[in-house]
Amino acid sequence: MGIFISLLIRGGSDAQRLGLITLANLFVAILMRQDHVINAFFNVFCVVPPSWPFAIRRLCARVYHIGGLHSGCATSGVVWLALLCGQATKEAVNGGVVAHASVPTVAISYSILLLLFGIFERVHRFFGWTSIILVWAQVVLLTNDYRRDQSLSHALVHSAPFWMLLVMTGSIVLPWLQLRKVSVRVEVLSEHAVRLYFTYSTPIPGSFVRLSVHPLKDWHSFATMAVPNEKGFSVVVSKATDAPSSIWVRGAPCFGVLRIVPLFRRIVLVATGSGIAPCAPHILEQRIPIRLLWTSPNVRETFGDRLVDEILGASPDAVVYDTRKHGKPDMVKLTLRLFNEFNAEAVCVISNQKLTEKLVYGLTSRGIPAFGPIWDS
């Protein structure tokens with residue numbers, strides 16, 4: 001914002017330069033949502049062995065905050081786009097003999113700005129696709145406006161925005177090229193939950209997949225539950241209303257926050273309800289000592305004896321707290337007690353946004369390394 005305000009006051013940047021800055025922000029925002037880019041970050045930072053100093057491992061564990069680059073750069077891109085619209089309007093109105101933004105460039109720029117301001121969850125994908133198409137038009141128009149005596153093709157090939165936009169488009173298209181319909185085996189756990197089994201892939205613990213019953217409608221992310229030495233994985237779906245025989249998957253299995261678990265020597269996992277799903281692979285793997293705190297109403301009635309027995313078989317000292325019988329506990333106090341008893345190095349929380357943020361803040365403020373999803377988009 002300091003750079004933005006400085007340019008706003010001093011001027012000196014033309015529409016083409018501001019277009020590059022805008023696109024650079026959107027470039028990072030989009031790449032931070034690309035499966036393979038996310039996995040690459042996690043693989044690099046999580047390769048650190050538990051023998052390394054705790055301060056380094058603790059810092060590396062915050063790799064999942066790369067999602068903040070998505071929301072941060074997207075917001076920054078919109079701010080810079082607003083300045084671009086103002087500068088392009090000024091150039092189009094004033095004209096002159098030197099290169100300047102044309103009226104079509106101004107129209108396209110304002111159209112993109114309106115779309116980005118209007119994006120919300122239900123239309124996120126469609127507005128985003130439309131914006132990318134318009135950005136292509138904007139880049140071509142801006143390049144044409146400032147190309148002087150060069151040919152348009154030569155100017156495009158030698159411009160950074162063209163290549164950034166090419167990579168951006170490829171990163172968006174790639175997961176859809178991996179779109180496929182896969183068979184699924186359904187196990188009804190209760191009236192409130194089902195467990196879906198897949199065999200097309202065996203993800204690493206800490207992964208999630210994107211599933212949908214219709215490829216152009218709602219997509220939902222589910223943590224994978226891979227059983228060690230067995231092919232495939234399963235997911236737990238709460239409040240499921242039907243049991244499909246096949247389902248759509250998009251992209252590759254992608255890492256989430258619990259990919260950081262192997263960075264620590266001993267850890268406490270806190271799960272509420274179906275948050276047990278992403279915790280289960282690490283518990284079953286038994287790669288490091290784990291103490292589990294699982295709170296949920298009617299655990300066995302909701303998730304079935306088989307799943308609960310699997311969890312307790314691998315983690316016999318787990319604390320399973322039935323909130324239907326005992327009410328909601330003081331989660332910060334309870335987690336703190338388990339952390340101290342277990343002599344753990346860190347805590348990972350998988351719950352709803354409100355409780356996750358409360359626990360992470362409550363523990364971190366007491367000097368305990370605590371990690372949980374950050375809901376960054």
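Values in this text are rule-based calculations from the coordinates and carry no lab data. Every value quoted in this text rests on a predicted model; they were computed, and no experiment measured them. Don't worry about glycine lacking a Cβ; one is built from the backbone with ideal geometry, like all the others, and counts go over all protein chains shown.
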Using the membrane-span-like helix rule (whole DSSP H runs, Cα extent along the own axis of at least 18 Å, mean Kyte-Doolittle hydropathy at least 0.5), which helices of the chain qualify? 15-31, 67-94, 103-117, 124-145, 160-177
Cα-based reach from residue 217 at 20 Å (exclusive), listing lysines while leaving out same-chain residues under 8 positions away: 181, 239
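State the extension gain, in nm to one decimal, for the chain segment bounded by residue 310 and residue 71, taking 0.36 nm per residue of separation less the distance between their alpha-carbons. Numbers along the way, then the final one.
Details: separation 239, 0.36 × 239 = 86.04 nm, distance 3.77 nm.
Taking residue 310 through residue 71 to full extension adds about 82.3 nm, to one decimal.
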FRET efficiency for residue 13 and residue 169, using Cβ-Cβ distance with R0 set to 25 Å, rounded to 0.05: 0.45
Once both label points are put 7 Å beyond Cα along the C-beta direction, the residue 200-residue 183 separation in nm becomes 1.3
Filter the trypsin sites (Lys or Arg not before Pro) in segment 230-302 down to the DSSP loop ones having no more than 15 other Cβ atoms within 10 Å, then list what survives. 231, 239, 265, 266, 287
Using 1/(1 + (r/R0)^6) with R0 = 35 angstrom and r between the beta carbons of residue 125 and residue 153, what's the FRET efficiency to the nearest 0.05? 0.65
Residue separation between residue 58 and residue 238 times 0.36 nm, minus their alpha-carbon distance, gives in nm 61.6 nm
Take the chain, mark every one of the GluC sites (Glu not before Pro) that falls in a DSSP loop and has at most 12 other Cβ within 10 Å, then report the longest stretch left between them, sites excluded. 1-190
Ranked from fewest to most other Cβ atoms within 10 Å of their own Cβ, 283, 172 fall in the order 172, 283
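If you stretched the chain out fully between residue 326 and residue 353, how much longer would it get, using 0.36 nm times the residue separation minus the C-alpha to C-alpha distance?
On the way: separation 27, 0.36 × 27 = 9.72 nm, distance 2.24 nm.
So the extension gain works out to 7.5 nm.
Taking square-rooted eigenvalues a ≥ b ≥ c of the alpha carbon gyration tensor, is segment 260-371 rounded, prolate or oblate, where a/c under 1.5 means rounded and, failing that, a/b exceeding b/c means prolate? Don't skip to the end; give the middle numbers.
Numbers: a/c = 1.78, a/b = 1.17, b/c = 1.51.
Here segment 260-371 falls in the oblate category.
Estimate the FRET efficiency between residue 265 and residue 361 by the formula 1/(1 + (r/R0)^6), using the beta-carbon distance for r and 30 Å for R0, to the nearest 0.05.
E(calc), rounded to 0.05, equals 0.80.
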Report the local net charge at residue 142: Lys and Arg +1, Asp and Glu -1, summed over other residues whose C-beta lies under 15 Å from its C-beta. +1
Residues of type lysines that residue 328 reaches as a straight line, Cα spacing below 18 Å, ignoring anything fewer than 8 places off in the same chain: 354, 358
Where Lys and Arg each count +1 and Asp and Glu each count -1, what net charge lies around residue 16 among other residues with Cβ under 15 Å from its Cβ? +1
Reviewing (1) 24.5, 79; (2) 20.1, 60; (3) 20.4, 64, the figure for Rg and Dmax of the Cα atoms in Å actually calculated from this model sits under (1)
Which of 71, 183, 13 moves the most in a Gaussian network model of the chain with Cα springs under 10 Å? 13
